[in-house]
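Engineer: Okay, here's the structure, questions in a sec.
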Amino acid sequence: MPIASDPSAAVSAQACWVVSPGLAEIRDETLPPLPEGFARVRTLHTGVSRGTEGLVFRGEVPASEAQRMRAPFQAGDFPGPVKYGYVNVGVVEAGPPELLGREVFCLYPHQTVFQVPASVLVPLPAGVPAARAVLAANLETAINALWDGQPNPGEHIAVVGGGTLGLLVAWLAARLPQGSVQVVDTNPARAGIAATLGAGFALPEAAQAQADLVIHTSGQSAGLATALRLAAFEATVLELSWYGSRPVSVPLGEAFHSQRLTLKSSQVGHVAKRQRDRWSHRQRLELALSLLTEPALDALVTHSAPFAELPQVLARLAGPDAPDTLCQRIDYPA
């Protein structure tokens, strides 16, 4: 891709803002001349994080979590107007010579052109196409989840929730030797994708119980109840779902105590405790990107749309009418 950006000139950009709960729009902005030590990136693709960005779009971020929920390059505040997002893949048009023309990943919102300190950009490894790199943030979360869950070879692992995150967790877990991984979801269409990624599949009522580790990603109370039901004696149920301001009904009666279960949260904002002394956030992201050479993962990018349609896409994904969408990619004009 040609590099055609004068670092001494201001440039025009467009960004998607959630103006108020349930309403998004594309706004124009002007970027100043490029500061020293910064890079200018033209976006190729962004990805929509359905769970988190759905909460932001609907205005369901609790006031108590507003600061912890801020994306690295967020502008504005919850509930809006706010420019939010953290899955951006682009090409460097101006900045340090070693980055010029490189395709890079950045935790930046949905915007056509942006400028950030060059140090925050992570170049894509060889063999990782830009269109697949939108999975990096979810894969990084999945890596952190396995670090938190500490699965072992030979164990039976259940992943309740067959969305993008759950399927990536299952893909990683299925690489452990001599064990079994079953994705549990209410949508039978997830079975084929789970098989492509090396995992089994079951509807909730037919799922195999006695799991050594259960990882919950569905974002629904019913899914968490299923996760608790599938756990074996003294097993761990790892909760990856984030519910925002929605109340969650959890069946902590029944066999929860007699089974001596552990219900544990996992969240990507901090590197898992047992890895924290040895891994930085950047190293974890680099690991996620390095794993995206696998073509089978393209099955998770089920939908794409042009940037101009992003406000409508956010409205669709935040509602109940997008059951077949896994990773939603947004494509930007050349």
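Engineer: What does the helix-only formula give at 222 nm for the chain: each DSSP H stretch with n ≥ 4 adding -39500 (n - 2.57), the total divided by the residues, and the result rounded to the nearest 500 deg cm²/dmol?
Structural biologist: Using -39500 (n - 2.57) per qualifying helix, the result is -6000 deg cm²/dmol.
Engineer: What order do you get for Arg284, Arg276 when you list them from fewest to most C-beta neighbours inside 10 Å? Present the calculation step by step, with values, prior to reporting the outcome.
Structural biologist: Numbers: Arg284 20, Arg276 11.
Ranked by crowding around the Cβ, least crowded first: Arg276, Arg284.
Engineer: What is segment 138-275 by shape, rounded, prolate or oblate, if you read a ≥ b ≥ c off the alpha carbon gyration tensor as root eigenvalues and call it rounded for a/c under 1.5, prolate for a/b larger than b/c, and oblate otherwise?
Structural biologist: Because its axes are fairly even, with a/c under 1.5, segment 138-275 counts as rounded.
Engineer: When Glu205, Glu29 are ordered from fewest to most other Cβ atoms inside 10 Å of their Cβ, what list results?
Structural biologist: Glu205, Glu29
Engineer: Now a separate question. Rounded, prolate or oblate: which one fits the chain, using the alpha carbon gyration tensor with axes a ≥ b ≥ c (rounded when a/c is under 1.5, else prolate when a/b beats b/c, else oblate)?
Structural biologist: In terms of gyration-tensor shape, prolate.
Engineer: Using a simple charge model, +1 on the beta-carbon of Lys and Arg, -1 on the beta-carbon of Asp and Glu, nothing else, what dipole does the chain show about its Cα centre, in debye to the nearest 20? Present the calculation step by step, with values, prior to reporting the outcome.
Structural biologist: Numbers: 24 positive and 29 negative charges, 100 e Å.
Charge dipole of the chain: 480 debye, to the nearest 20.
Engineer: Within 10 Å of each residue's Cβ, count the other Cβ atoms and sort Phe256, Phe78, Phe57 from fewest upward.
Structural biologist: Phe256, Phe78, Phe57
Engineer: So what's the angle, to the nearest 10 degrees on a 0 to 90 scale, between helix 136-149 and the longest Cα principal axis of the chain?
Structural biologist: It is inclined by approximately 30 degrees.
Engineer: Tell me whether segment 234-288 comes out rounded, prolate or oblate; compute the Cα gyration tensor, take square roots of the eigenvalues as a ≥ b ≥ c, and use a/c under 1.5 as the rounded threshold. Mind showing how you got there, number by number?
Structural biologist: On the way: a/c = 4.07, a/b = 1.83, b/c = 2.23.
It comes out oblate by the Cα gyration axes.
Engineer: Once the Cα atoms of helix 221-230 and of the chain are each reduced to a long axis, what angle between those two axes, in degrees from 0 to 90 to the nearest 10, is obtained?
Structural biologist: Once rounded, the angle reads 50 degrees.
Engineer: I would also like to ask the following. Rounding to the nearest 20 debye, state how big the charge dipole of segment 138-275 is about its Cα centre with +1 on each Lys and Arg Cβ and -1 on each Asp and Glu Cβ.
Structural biologist: Dipole magnitude for segment 138-275 comes out near 180 debye.
Engineer: Return the whole-Å distance between the Cα centroid of segment 52-77 and the Cα centroid of segment 292-312.
Structural biologist: Taking the Cα centre of each part, segment 52-77 and segment 292-312 sit 23 Å apart.
Engineer: Now, a different point. Any chance you could check the Cα centroid distance between segment 147-174 and segment 186-234 for me, in angstrom?
Structural biologist: Each part reduced to its Cα centre gives a spacing of 10 Å.
A short reminder: the numbers here are calculations on the coordinates, not readings from a lab. Here the structure is a predicted model, which means the values were calculated and not measured. Ideal geometry is used to build each Cβ from the backbone, glycine not excepted, and the neighbour counts take in all protein chains shown.
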